[in-house]
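Right, one structure below, let's go through it.
Nothing in this text is a laboratory measurement; each read-out follows from the coordinates by a stated rule. Quantities reported herein were computed from a predicted structural model and do not represent experimental measurements. Backbone-built Cβ (ideal geometry, glycine too); neighbour counts: all protein chains shown.
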Amino acid sequence: MLSPDSVGRTFAGTESITVSQSEIDAFCAVIGETDTTVAPPTFSIRITLDQSQSLLSNPEIGLDWTRVVHGDQKFDIKRPIKAGDTFTCSSTIESARVAAGNEIVTVRSDLFSGTELVVSTWSTLVVRA
Amino acid sequence: MIEVGTQLEEMVFYLDRALLKAYADASGDQNPIHQNEEFALSVGLPNVIAHGMLTMALAGKYISDFAGGSAKVLEFGARFTKPVIVPAGEKVDLTVSAVVTDVADGKASLTLSATSAGVKVLGMAKAVVQI
């Protein structure tokens, strides 16, 4: 079970992630996007999924990632991501509740380029009982 | 002219196992339920399923095309209601359409519909684009 005092806490990453053109190209190729000058709208999941998982894998948080199913996802894009952008990610557990025995946890992840917030994402994770 | 109630033209994407592998590599999500049939069956799934985020990425392409480029997509959210099931050797459809629900301040709001084999796979799918 998620530890109740984890809700509302923000876990700031220290690792910097630089986006390469080849990563954008590969993502574009999958969806048939021919304009590779900016990243497609959902590209940031490539960074936030991995980052939020590593930031929120601390045993004291109590989130069992092996039982997680992705319930929903939202992106708020302040500006498009481009090759050469360098980000740090911070993840916040915004809410947690139990429904039908499953835990429903909403995680917000923010990608910052320096102090500029570029993309916020919300992932609802269903932790199966 | 984009106005409230405008129905956007439907677009059909096709998914197969090769696309799932390509998305796994492009996104970094190598969960075996999206690639390995034996594993998918062992965890109670009917077959290999597409990444929900692949479905969303393709719907995102639909939104970008409407908006005139990826850079014009400001918000996009969806719920994963049912998986897109991708049997070996088959191409399955992802059929996307949308309706304009609001136009204001140089932005348009869309509500999307996304189905595969006639089953609704995204719920509450909404986007805001710059127009």
**Prompt:** At 222 nm, what helix-only mean residue ellipticity would the protein assembly as shown give, in deg cm²/dmol to the nearest 500, using -39500 (n - 2.57) for each DSSP H run of four or more?
**Reply:** -6500 deg cm²/dmol
**Prompt:** Considering every residue in A:19-29, what mean count of other chain Cβ atoms within 10 Å of its Cβ is obtained?
**Reply:** 2
**Asked** Measuring from label point to label point, each 7 Å out along Cα→Cβ, what is the B:ALA88 to A:GLN53 span in nm?
**Response** 2.5 nm
**Complete:** Using alpha-carbon positions, the gyration tensor of chain A gives root eigenvalues a ≥ b ≥ c; with a/c under 1.5 called rounded, otherwise prolate if a/b exceeds b/c, else oblate, the class is prolate
**Prompt:** Quick one: helix B:17-27 against the long Cα principal axis of chain B, what's the angle to the nearest 10°, folded into 0 to 90?
**Reply:** 70 degrees
**Fill in**
So, relative contact order of region A:1-96 in percent, Cα under 8 Å, 6 or more apart, is 56 percent
**Prompt:** Translational D (Stokes-Einstein, µm²/s) of the protein assembly as shown at 25 °C and 0.890 mPa s when Rh comes from the Kirkwood sum over C-alpha pairs?
**Reply:** 130 µm²/s
**Prompt:** A:VAL68 to B:LYS120: FRET efficiency via 1/(1 + (r/R0)^6), r the Cβ-Cβ distance, R0 30 Å, to the nearest 0.05?
**Reply:** 0.85
**Message:** For region B:18-97 and region B:100-131, what is the centre-to-centre distance using only Cα atoms, to the nearest Å?
**Reply:** 17 Å
**Fill in**
Within 10 Å of the Cβ of an average residue in A:74-84, the count of other chain Cβ atoms is 4
**Item:** Radius 11 Å from Cβ of B:THR115, net charge of other residues (Lys, Arg +1; Asp, Glu -1)
**Value:** 0
**Asked** So for the pair B:LYS107, B:GLN30, with labels modelled 7 Å out along Cα→Cβ, what separation do we get in nm?
**Response** 3.9 nm
**Sites matching GluC sites (Glu not before Pro) across region A:28-129 that sit in DSSP coil, with at most 12 neighbouring C-beta atoms within 10 Å** = A:GLU60
